[in-house]
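The values are calculated or read from the model by the stated rules, or taken from the named source; none is laboratory data. What you are looking at is a predicted structure, and each value in this text was computed from that prediction instead of being measured. Every residue, glycine as well, gets a Cβ built from its backbone with ideal geometry; the counts of neighbours run over all protein chains shown.
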Amino acid sequence: MKLFIQKLTTFLLLASIAGLTGCNKSVGPSSNADGNTASAAKPLTIAFLPKSKGNAYFVSCAKGAQRAADELGDKLIIDGPTDPDPARQNEIVDNWITLGVDVIAASCENKEGISTALRKAEAKGIKVITYDADALPDARSFFVNQATSQGIGYALMDEAARLCDTNGEFAVITGSLTAGNQVAWRNYVEERRAAAYPNMKCDAVEACDDLKDKAQSETTALLSTYPNLKLILSTTSLGVPGAAEAIKQMGKTGVVKNIGLGLPNENKRYVHEGVTQSVILWKTEDLGYLTVYAADALAKGALKPGDKTFKAGALGEFEVQGDNIMLGKPFTFNKDNIDQFDF
Amino acid sequence: MKQLLQLSAVTKSFGAVQALKGISFDLQAGEVHALLGENGAGKSTLIKIITGAHQPDGGTIEIAGERVEKLSPVAAHKLGIACIYQQPALFPDLTVAENIGLRLEGANSLSRVDWNSRRNQAQKLLRRIGADISPDAEVRSLSMPEQQLVEIACALGAGARIVIMDEPTASLTQKETGLLFAVILDLRSSGAGVIYISHRLEEIFQLADRVTVLRDGESVGTRNVCRSRGDETQTSQSESDKRLLTSSPTLTESELIRMMVGREISQIFPPAQSAPGETVLSLKNLGCTAGGVKNVSLDVRAGEILSLAGLVGAGRTELARTIFGITPADAGEIILRGEKVEIHSPQEAVARGIAYVPEDRRRHGVILEMPVAQNMTMGIHRRIFPGTWLRFGAERACALDFIRQLDVRAYGPEAPGHSLSGGNQQKVSLARWLATKPKVLILDEPTQGVDVGAKSEIHKIIRRLAKDGLAVLMISSDLPEILGMSDRIAVMRGGTIAATLPGKSGAHEVMSAALGQKGAGK
Amino acid sequence: MDKHGFKKILLRHETILFAVLVAEWIFFEVIGRNFGTYDNTCDILRHSCEIGLLALAMTPIILTGGIDLSVASLLGLCAILFGKFWRDAGMPIPLAVACTIGVGALAGGLNATLISWLRLPPLIVTLGTFSLFRGLAEAITRGVDTFTNFPDSFLFLGQDRWLGIPAQAPFFLAAAIFFWLLVHRTTFGRSFRAIGFSPEGARYAGIPVARRVAMVYVLAGIVSAIAAIIYTARLGQAKADAGTGYELFAITAVVLGGTSIFGGVGSIPGTLLGVAAIAVLHSGIAHALLPGEMAGMLTGVLLILALAGSTLPKMISSLRARKAALKIPPQAA
Amino acid sequence: MNKYFREFSAAAALGILLLALAIFAPSFFQPQPLLSLATREAPTLVVACGMALVIICRQIDISVGSQFAVCSVCAGLLAAMHWPLALVLATTILIGTTFGAFNGALVAGLGLPSIVVTLATMVTWREGLRWLRQGVWVDLPNGVQWFGLPQMTGQWTLVLVALAILILLALTLKHISIGRFVYAVGSDAEAARLAGIRPRMMTFGVFVFMGALTGLAAMMNTIQSPQVDPNSGTGLELKTIAAVVVGGVAISGGRGTLWGVFTGLLLLACISPALTHLHVEAFWGKAIQGATILLAVVADGVRTRKQRY
């Protein structure tokens, strides 16, 4: 009995400490600190679901989302799986349903997987919006489209072709063989290559398990296997710096070009050294910002199907195509402009 | 005479059980002091206190005249105390040389390992005790008695002043026992003191200068043993038999037994009986390459006790394991009640009515963590639990029945195996196999490490079983047991049957058969 | 330790765990929003189904002193094979389910063969098949293939309610009862324990050790396949990465439930409580709006506390006994 | 031969693999890629040496990956604060040592099973790191990479440091008493106690040492690139355990050599680049890795099965 009490107290103690420290992190009072007194309506609770936590891309998105929530006076909940795991995403959405949030903004690891949970949320009167990676169209009201998979895939391939003068061999580093968006991007890269650049050849696709170190090892092996390689294309933000380090260490700086999806901060160094030519990405903070504004407007009824434009706070107007809110074209960061960005 | 060790009023409790209730004990230089007592009398605890494995709750320990406050295994080692345990405490993955080296070099962790000198030292020590073991052999590959010899070599090499031997001969053959005795006498004459624990009374009369008897954690008394050794190295069984008969009136075997058990045991072996029935088990040229068993032909009849004698390593346990299907036979035939059978696994053997009470009861005989009742019904799952559903009532009734029948001393059917003494564990192991209602019962060293009282009870049980028509095949290294219990004796040598002798044979004949031509001349 | 003490400790472990579970519940009910609702209870049950199934299958394995790291990889392999059978081979769902379970049994059989027949250490064998099964799943789908658009009648199994409870709950309940009977009420369970305590001793007792050990791994394979089907139904899709990391959850739940990693000791109710404790923790953390990482951290802490909790009292009492005994003056000789 | 069968079989497998490469993909044997490969695997080798010690001592440590990640991030943060590199190195090793001591205290002090203890610490450290750092990369200042040495020198330094640790440890294990004590404790703790060795101290020491090596390895990894990925070390525990086991160390303790571990690690480390060179598509990688582990142990199992009876 004594033991039980001891354990119980320890547990409660631990849990409450955890609670105290943890509250500051995600929902903390800071979300209302700006005290949006102008908004008469009661603050909304917006749940923001990244594919995985602890990933620089989504950290940056969340930063924008938080800024928007602060401006709007909404309460923002950010939670996601610690590893990209579709099943965990469903669980989190289910938790939010019982928790009773007003809007869910989700980046979907897996379309079909999460759609069932999102449909359930809609049935319970929760508004659903997706960003970054879409769910099935019937499972959400709007998709904040930062760039279509097709757009990304084509942009990557076009940039690759430009750097290689539309002929030569290249290899692809992918985050994982199975993740939905990675698969889609790879497919569009291939589609574009086949259609527009028949003189280019993809030698191999290697997976780096979303680890920078593994990307480096794989690139090293690729470089020695295919001496004619002219370019490495990474469809994951972790791949670009890893590949760059490998190219640099192999002494092939400038000989083998390096491009891919990536955040400016992680790649500045290599871009300046001339190892990496360009990274392609949209403005991630803007994506989060726009998503939260759209979510807020959707819940308040300000954003309705059929709207042609949408105004998101400081960022101004965005085009709405059908049920897609367009963030704009992917942005190419290179030597000339990369220093202007800090995310 | 110099006093090596003096324990005064030592007490020790484990929870509610007081294992030692104020024991005093001393050891002089140049003596063999035997320690006797039934299992659970407190011998093991006393030894563990001397070796520093346990700390006493009260009392004092003096070593070589100096009081020792806190004795740890390391301190005891440094003070020249060495112990040879029943279960050798060796490193199975390391070589013999390294085992000896680790024991002798002490715990200086930064010294360099000199593999050559380790090897030489090991070679020398092994040769000194006459053991034919390679220093490079992995201990895992050695037999139990060989491992015990390595232990002895360790103690010898440590130059121990106080050597404790806990039933060292339990698994040794006559020949190895002879070698061991020579080593003990050698130690004694070099001025060391030996504490010798054994259940074999004849060994005590043969070796000991004094004997202390423990009972229920108390010392019953210390007596001088009047040895009449003419030739100290002379150890053949017939000699010792003779000595038993002529041993001095100051201390007799029966007196010792009375001291130990607190009652007289008039007759050690139950009377043999005659008229065995039909042949139950018949082996024809049985062989098993992996076990080293070859060309064994043997008949066991209902109602008889057939003993398997022989040196350790002669293939007796291996033969039993072959019959029981643990190492299935790859040559010859097993004929069970006139029907040729093939046995590939223990479960097949059990299904055909063969039961095997193994030698190593702590590892094989009883599952120590499981309750007595579950241990007893382990061989009869199919019968007692029809359709595999457990029936706790039936199990309990069955266990209680056997507890009563075999007089198992446990506080109930739910007592776990390790709470029982060795003899009672053996009875549990026996009960498990009797429950299967076997036709053939193979007993492997049924009384090894069992105290005198329980030994006699087990002998009676075996005899009763044979009388009830069971064919009993008994493996034993205890020559008096073989001679006392058997209707017939099969002697094994080198994996096969060397001779089959009638039950009334003398020790000499059995030994010469076991040793081959060379030994026969003795 | 006598049988009574033994029983008491087991009982006590489970009681403590139950108390922890209740404490968790109350704690999250107080600080969380809408935590203790019926809907959320159903969600917790639904989300813990697959891990619960794996933990149930893991219990007899750990009871025999083994371990199976490959269950989650096998879940992934079975999920995509189920998809293949249904979509590419055109099998009706029931037949695909049967074939998937067959594959699960075969894969479990591979583990079983290597462990019981070749007597290789389970940790190593299943470490190998852990990579192998997941690798095969990736190879078969070439990493990219995803199976979706299952018929609603099938998805009902994972997403809907039946008589007010999640539709997969009856399967889980049936599995729990099956394993409870197997471990606690049949001679099989008895032999698992005997093998866990002493494999040699069990062999000498005439227990078909190899067959029993093989049985628990084959069972684990079958259960992994069933879990794969429920997983597919719940998510509405089958992909090669299904269930990544679930093996550690399952092992954690089993050990938290009081099963000794050395074998012999353990119970199915303990495992169920362990699964529940972890599932409630995860759900509670989310409902209390605490960061999700906390759930993992607290699981680790809970695991160590549970282990230490069952060891410390023993150590303290033995220290106390020693101290008390030293105070008694030695008896006069 | 029998005693070292596992070592030989791992070496034979490695030989076959290298031979296949020499015939079908000679481009594998180029100095710069091989040096890069060796540099990448140098920290893994250091961790594998520690893991071998832990397993020889009949324990296991599955928390090394998490320890490695935490140490890497700490090293990165300290370097980013412009601490002198020697001090960063010392602190990183100290942090690793502390983690090891924590595991060791629970395993040796309280007698808890190591697999469960390290399972718990694995999730706790990993999730704790994620919580505190949210997966943000650490950017290192210039001059940290390769300790400020030229790249080639830096790479050789790392490889040689790892090899030196391997050789030193292998010799210690064979020729210094304390090395033999590790085997003794792993073989039979009770017998070790009777021989005057303190098994609990040894077990504790082995975990502490494992932690220190993990810290060192993390540092060796950190200085290889100008950024620290907080997810580095994911799966390191499985990779090192696999290398140790394939190299012939018995999971039940008391047996095995570091030379075997070295061979095992080389084999596993070569598989992935070899597949690239042999133009095997990436999705086969994991399956082949698993099959290799199984084959290595099955070969031994088939052999000893015959001997066992």
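Remark: A:Ala87 falls outside the filter, which requires a residue to be buried (at least 21 other Cβ atoms within 10 Å of the Cβ), under 24 Å from A:Ala302 (Cα atoms) and in contact (Cβ under 8 Å) with a residue 12 or more places away in the chain. Would you point out the residue of the range A:244-296, among those that are farther than 19 Å from A:Arg162 by Cα, within 13 Å of chain D (Cβ to nearest Cβ) and of a type in the set (A, V, I, L, M), that is surrounded by the most Cβ atoms within 10 Å (Cβ to Cβ)? This residue is A:Ala246. Restricting the range A:94-129 to residues that are charged (D, E, K, R) and facing chain C (nearest Cβ under 7 Å), the residue that is nearest to C:Ile285 (Cα to Cα) is A:Asp94.
Only residues that are more than 20 Å from B:Lys439 (Cα to Cα) and outside any loop (DSSP other than H, G, I, E, B) were counted across the range B:319-343, and they come to 2. The residues listed here are B:Ala29, B:Ala19; of these, the one that is away from every other protein chain (no Cβ under 13 Å), touching a strand residue (DSSP E or B) at 6+ places or on another chain (Cβ under 6 Å) and hydrophobic (A, V, I, L, M, F, W, C) is B:Ala29. Could you check, for the range C:71-90, whether at least one of its residues is more than 10 Å from every other protein chain (Cβ to nearest Cβ), more than 30 Å from C:Gly143 (Cβ to Cβ), touching a residue at least 40 places away in the same chain (Cβ under 8 Å) and part of a helix (DSSP H, G or I)? No; the residues of the range C:71-90 include none that is more than 10 Å from every other protein chain (Cβ to nearest Cβ), more than 30 Å from C:Gly143 (Cβ to Cβ), touching a residue at least 40 places away in the same chain (Cβ under 8 Å) and part of a helix (DSSP H, G or I).
Filtering the range B:42-90 to residues that are hydrophobic (A, V, I, L, M, F, W, C) and under 30 Å from B:Gln448 (Cα atoms) leaves B:Leu46, B:Ile47, B:Ile49, B:Ile50, B:Ala53, B:Ala76, B:Ile81, B:Ala82, B:Cys83, B:Ile84, B:Ala89, B:Leu90. Taken over the range A:64-88, residues that are assigned to a helix (DSSP H, G or I) and at pLDDT below 90 amount to 3.
Applying the set (1) under 24 Å from C:Arg211 (Cβ atoms); (2) within 14 Å of chain D (Cβ to nearest Cβ); (3) touching a residue at least 40 places away in the same chain (Cβ under 8 Å) to C:Ser131 leaves exactly one unmet item: (1). With respect to (1) more than 24 Å from C:Ala107 (Cα to Cα); (2) within 11 Å of another protein chain (Cβ to nearest Cβ); (3) assigned to a helix (DSSP H, G or I); (4) of a type in the set (Val, Ile, Thr), the lone exception for C:Val265 is condition (3). Regarding C:Arg211, is this residue among the basic types (Lys, Arg) and in contact with a Ser or Thr (Cβ under 8 Å, 6 or more places away or on another chain)? Yes; evaluated as a whole, the condition is true for this residue. From the list B:Cys83, B:Cys154, the one residue that fits, being closer than 24 Å to B:Leu36 by Cβ and facing chain D (nearest Cβ under 9 Å), is B:Cys83. Counted as qualifying within the range B:33-151 are the strands (runs of 3 or more DSSP E) with 2 or more residues that are surrounded by fewer than 20 Cβ atoms within 10 Å (Cβ to Cβ), namely B:58-63, B:66-68.
Counting only residues that are assigned to a helix (DSSP H, G or I) and polar (S, T, N, Q), the range C:176-226 holds 3 of them. Within the range C:228-267, the residues that satisfy the criterion of being buried (at least 24 other Cβ atoms within 10 Å of the Cβ), within 30 Å of C:Ala139 (Cα to Cα) and of a type in the set (S, T, N, Q) are C:Thr232, C:Gln237, C:Thr252. The number of residues in the range B:188-199 that are within 30 Å of B:Arg258 (Cβ to Cβ) and modelled with pLDDT of 85 or more comes to 6.
Within the option set B:Glu167, B:Glu146, being at pLDDT 80 or above and within 27 Å of B:Thr447 (Cβ to Cβ) holds for one residue only, B:Glu146.
When D:Val88, D:Val123, D:Val73, D:Val136 are checked against the criterion of being at the interface with another protein chain (Cβ under 8 Å from one of its Cβ atoms), closer than 30 Å to A:Leu238 by Cα, surrounded by 22 or more Cβ atoms within 10 Å (Cβ to Cβ) and not small (Gly, Ala, Ser), D:Val123 stands alone in meeting it. Quick check on the range A:165-178. Is at least one of its residues at pLDDT 90 or above, touching a Lys or Arg at 6+ places or on another chain (Cβ under 6 Å) and either of a type in the set (A, V, I, L, M) or part of a helix (DSSP H, G or I) (or both)? No, there is no match, as no residue in the range A:165-178 is at pLDDT 90 or above, touching a Lys or Arg at 6+ places or on another chain (Cβ under 6 Å) and either of a type in the set (A, V, I, L, M) or part of a helix (DSSP H, G or I) (or both). Scanning the range B:43-69 for residues that are closer than 17 Å to B:Ser13 by Cα and charged (D, E, K, R) yields a count of 3.
Looking across the range B:464-481, the residues that are crowded, with 19+ Cβ neighbours inside 10 Å and either modelled with pLDDT under 85 or not hydrophobic (A, V, I, L, M, F, W, C) (or both) come down to B:Ser476, B:Ser477, B:Asp478, B:Leu479, B:Glu481.
Selection of the range D:113-139 for residues being modelled with pLDDT under 90 and not in a helix (DSSP H, G or I) yields D:Gln134, D:Gly135, D:Val136, D:Trp137, D:Val138, D:Asp139. Annotation note: of B:Ala41, B:Ala19, the sole residue that is modelled with pLDDT under 90 and under 22 Å from B:Glu255 (Cα atoms) is B:Ala41. Those helices (runs of 4 or more DSSP H) of the range D:203-309 in which at least 3 residues are away from chain C (no Cβ under 14 Å) and touching a residue at least 12 places away in the same chain (Cβ under 8 Å), considering only elements entirely within it, cover D:258-277.
Taking into account only those residues within the range C:134-155 that are hydrophobic (A, V, I, L, M, F, W, C) and within 11 Å of chain A (Cβ to nearest Cβ), which is nearest to A:Ala117 (Cα to Cα)? It comes out as C:Leu155. Among the residues of the range A:206-238, the ones that are closer than 17 Å to D:Leu37 by Cα and either more than 9 Å from every other protein chain (Cβ to nearest Cβ) or in contact with an Asp or Glu (Cβ under 7 Å, 6 or more places away or on another chain) (or both) come to 11 in all.
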